[in-house]
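To keep things clear, I will list the structure first and then write my remarks on it.
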Amino acid sequence: MAEVQTVRGPVDVDSLGHVLMHEHLFTISTELRQNYPDYPDHWDEDYRVADAVAKLKECASRGVTTIVDPTVLGLGRYIPRVQRINEHVDINIIVATGIYTYHDEPLQFRFTGPGRVFDLPEPMVELFVRDIRDGIAETGVKAGLLKCAIDEHGLTPGVERVLRAVGRAHLQTGTPITVHTSAHLRTGLIVQKVLREEGVDLSRVVIGHSGDTADLDYLREIADAGSIIGMDRFGIDVFLPFEDRVNTVAALARDGYTDRMVLGHDSSCYSDFYPEQRRRALLPNWSLVHISDDVLPALRERGVTEDQITTMLVDNPRRYFKGTQA
């Protein structure tokens, strides 16, 4: 039996059910919360936990049984809060290890590592593997996937260092990878090149935020190289309008790429990247139920079948997680 690690422990991959492949409970700065607790909104721990529980229950009521939360260093990962939330809602939460940066590696790694002032083996690999095999801090929760990012600055030395560390941790553990990318800048192709050089099986890699573009040639190129394309920002209509997003998924489904797509929103129950009320006004559909309530009906209207929807929500996530060995 193939298993994947969740906040509540190992789960049979075949029982994951309907999976949203890229959601965040929180994307926050712990340092900001500690020093400026009223920016951009007042922080009340109990309120935020209760709000997240309510949002996850609403999501689960639509038939979603698993969410993948790729919140890592740089995005405010704090597992005890996630555990507290999961105690009150019956849903699988798969958490990640890795580092989220668009430019430099965190300063804590700048002077330590191969060829650095303190010339030691890459500490990132050791830490990522520890999160996967032994658990995160003293929570007992093990990471179920690896996460990194490449965006507008491209393959900077810091981004490359993290990306290669993620690839090497994958080779040691078999844990799958998801990468934040810029679809408009086609950085998914860079990710594939680097990870291929590291010996990573690209079928175990989600090229995240691919759904931010309607460039079918780019998306086919990513999929034809073996990776899964993350159509995972439904609700962020300022990056690509709703109609373009669903039309792109429908077009790829017609072209035979259903087995290479996964779905999600990249939503957060709360994020301190922006004032909450302004986010609601600008992005009213950006929530954990948008796919269930709006996207799936729109896909059906465009000829996407129930079998194809099941492939994207159930079969592809299951296949993605099945190769994990740890």
- Query: Within the chain, what is the longest stretch that has no chymotrypsin sites (Phe, Trp or Tyr not before Pro) placed in a DSSP loop and near at most 14 other beta-carbon atoms within 10 Å?
  - Reply: 112-272
- Message: Between R116, R81, R204, where does the largest GNM mean-square fluctuation fall for the chain, given springs only between Cα atoms within less than 10 Å?
- Response: R116
- Item | Rounded FRET efficiency, nearest 0.05, which uses the C-beta distance separating E160 from F118 and R0 of 22 Å | 0.65
- Restricting attention to the stretch 141-236, which GluC sites (Glu not before Pro) occupy a DSSP loop and are surrounded by at most 12 other Cβ atoms within 10 Å? E152
- For the stretch 130-171 and the stretch 225-247, what is the separation of their Cα centres, given in Å? 24
- Query: Which net charge results for the neighbourhood of E122, defined as the other residues with beta-carbon distances under 9 angstrom from its beta-carbon, given Lys and Arg at +1 and Asp and Glu at -1?
  - Reply: +2
- By average Cβ neighbour count within 10 Å, what is the ranking of 294-302, 91-99, 51-59 from highest down? 91-99, 51-59, 294-302
- Excluding ligands, DNA and RNA, the carbon-plus-sulfur percentage of the accessible area of the chain with a 1.4 Å probe reads 50
- Task: Would you mind counting up the charge near P40? Only other residues with Cβ under 9 Å from its Cβ, with Lys and Arg at +1 and Asp and Glu at -1.
- Result: -3
- Message: With a cut-off of 8 Å between alpha carbons and a minimum separation of six or more residues, what is the relative contact order of the chain in percent?
- Response: 22
- Under 19 Å from a point 7 Å along the Cα-to-Cβ line of D38: which residues of the stretch 273-289 have their amide N that close? 273-278
- Using a/c under 1.5 as the rounded threshold, could you call the chain rounded, prolate or oblate? The axes a ≥ b ≥ c are square roots of the C-alpha gyration tensor eigenvalues, and prolate needs a/b larger than b/c, oblate otherwise. rounded
- Message: Can you show me the helix-derived [θ] at 222 nm for the chain, built from DSSP H runs with n ≥ 4 at -39,500 (n - 2.57) apiece and divided by the number of residues, rounded to the nearest 500.
- Response: -10500 deg cm²/dmol
- Using alpha carbon centers only, the stretch 74-104 is separated from the stretch 276-326 by a whole-angstrom value of 19
- Query: Among the lysines, which fall within straight-line cross-link reach of K142, defined as a Cα-Cα distance under 25 Å, with same-chain neighbours fewer than 8 residues apart omitted?
  - Reply: K55, K57, K322
- Message: Checking the a/c ratio against 1.5 first, then a/b against b/c, what shape does the Cα gyration tensor give for the stretch 79-226?
- Response: oblate
- Query: Per residue, what accessible area does the chain have, given a 1.4 Å probe and all protein chains present, in Å²?
  - Reply: 42
- Report the accessible area of Y39, computed with a 1.4 Å probe over the heavy atoms of all protein chains in place, in Å² rounded to the nearest 10. 140
- Quick one: among G211, G167, G115, which has the greatest mean-square fluctuation in a GNM of the chain with alpha-carbon springs under 10 angstrom? G115
- Cut-off 19 Å, label 7 Å out along Cα→Cβ of T305, residues of the stretch 245-260 by amide N: 249-260
- Task: Indicate, rounded to the nearest 5 percent, the antiparallel portion of the DSSP beta bridges found entirely in the chain.
- Result: 10
- For D14 and Q108, calculate 0.36 nm times their separation in residues minus their Cα-Cα distance, and state this gained length in nm to one decimal. 29.9 nm
- Among D69, D90, D44, whose mean-square fluctuation peaks in a Gaussian network model of the chain (Cα, cutoff 10 Å)? D44
- Could you tell me whether the stretch 1-141 comes out rounded, prolate or oblate from its Cα gyration tensor? Rule is a ≥ b ≥ c as square roots of the eigenvalues, rounded for a/c under 1.5, then prolate if a/b exceeds b/c, otherwise oblate. oblate
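The values are calculated or read from the model by the stated rules, or taken from the named source; none is laboratory data. Quantities reported herein were computed from a predicted structural model and do not represent experimental measurements. Positions of Cβ are generated from backbone atoms using ideal geometry, with glycine treated the same way; all protein chains shown enter the neighbour counts. Side chains included, ligands, DNA and RNA excluded: accessible areas come from the protein's heavy atoms. Shrake-Rupley method; radii C 1.70, N 1.55, O 1.52, S 1.80 Å.
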